[in-house]
Amino acid sequence: MSDNSLRLVWIYPDLLSTYGDQGNALVVERRARQRGLDVQRVDVRSDQPIPTSGDIYLIGGGEDRPQRLAAERLVRDGGLERAVSNGAIVFSVCAGYQILGKEFVNDVGQRQEGLGLLDVVTVRGEGERCVGDVLADIDPRLGLPQLTGFENHQGVTHLGPTARPFARLSMGRGNGNGDGTEGAYNDTVFGTYMHGPVLARNPLVADLLLKLALDVNALPGLDDRWYEALRTERISAATQPA
Ligand code: GLN
């Protein structure tokens, strides 16, 4: 972070951007601009190197084959690990979350190396695919309201000792391992199974990323009426009896 500028990096939109996950980049970008920041957004295709000087990196979900290719390229590139060691913030969704872990099972049934930025391991769930609405309480340390989103994944994620659960489920499958957790995080790296796009449904999570990147405890408030209307509508639809 330098002066008033924020460098936002959207990783591999050509491989990882399911269910409108690119909306996450739009939301972070807009909320930063509304706070007067000069945002430089860089979309990095999978044949390009990952810049190491970004402040916030976003990575979305993907189908199984693009996920394998993206993980191979990111591991080979090494830029995202360097950015994190420089203090960058990373927010990842679904396939992106799995790739940030130590390992996942890929589309050809093999264990594939991830970036190891989160202490999680993902295996292929043997049961039904995890599909549907999710509601969860975000780790109280983060001081955020209820998490809302939807999930669509086969992977089941197990957390190691240095990954904290991002949220505790009240509806849905999340990490899918039966322990009631959804997503994982450490100091600067976050992973979730939530689509939505998740930062449109949960704008205060976007603000958390901005606060971490700016190293501030608070940001000027915004008029969030439209976000609130979306949240209310989605939460009530999720909790309607079938
Ligand atoms: N391919 C992964 C899985 O099914 C991730 C899916 C996704 O990103 N939506 O677990």
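Every number in this text was worked out from the coordinates using simple rules, so none of it is lab data. Being a predicted model, the structure only gives us computed values, none of them experimental. Note that each Cβ is placed from the backbone with ideal geometry, even for glycine, and that neighbours are counted across all protein chains shown.
Remarks
- Separation between Cα centres of segment 25-45 and segment 53-82, rounded to whole Å: 19
- Distance between the pseudo-spin-label points of W226 and R168 (7 Å out from Cα toward the beta carbon): 3.5 nm.
- Distance between the C-alpha centres of segment 84-110 and segment 164-218: 14 Å, rounded to the whole angstrom.
- Sites excluded, GluC sites (Glu not before Pro) in DSSP loops with at most 14 other C-beta within 10 Å, longest stretch of the chain: 129-242
- Along segment 217-224 the Karplus relation, 6.51 cos²θ - 1.76 cosθ + 1.60 evaluated at θ = phi - 60°, assigns HN-Hα couplings of 8, 8, 10, x, x, 10, 7, 9 Hz to successive residues, with x for each Gly and Pro.
- Two-site FRET efficiency, Q110 against D137, from Cβ-Cβ distance with R₀ of 41 Å, rounded to 0.05: 0.70
- The chain: relative contact order in percent, alpha carbon pairs under 8 Å with at least 6 residues between: 19
- Here is the size of segment 190-242 from its Cα atoms: Rg then Dmax, 13.3, 44 Å.
- Gain on full stretching of the segment that runs from V75 to R45 - 0.36 nm per residue minus C-alpha separation: 9.3 nm
- P(r) tail fraction, segment 114-242 - alpha-carbon pairs more than 18 Å apart, %: 54
- Label-to-label distance, nm, for residues given as L26 and N4 (7 Å Cα→Cβ offset): 2.6
- Relative contact order [Cα under 8 Å, 6+ residues apart], segment 66-141, whole percent: 26
- Note on the chain: GNM, Cα springs under 10 Å; of V120, V131, V84, the largest mean-square fluctuation is that of V131.
- For the chain, DSSP calls about 55 percent of its internal beta bridges antiparallel.
- Rounded, prolate or oblate (a/c below 1.5 giving rounded, otherwise prolate when a/b exceeds b/c) for segment 1-132 by Cα gyration tensor: prolate
- Chain lengthening between E233 and D179 when straightened (0.36 nm per residue, less Cα-Cα): 16.6 nm
- Spin-label zone in segment 78-119 - amide nitrogen under 20 Å from a point set 7 Å from the Cα of R129 along the C-beta vector: 93-99, 104-110
- Sorting D77, D207, D14 by the number of Cβ atoms found within 10 Å of their own Cβ, with the fewest placed first, yields D14, D77, D207.
- Gain in span if fully extended, D38 to E63, counting 0.36 nm per residue against the direct Cα distance: 5.7 nm
- Helix-only CD estimate at 222 nm, as mean residue ellipticity for the chain, using -39500 (n - 2.57) per DSSP H run (n ≥ 4): -8500 deg cm²/dmol
- Zone residues, segment 179-199, relative to N217, backbone N less than 19 Å from point 7 Å out along Cα-to-Cβ: none
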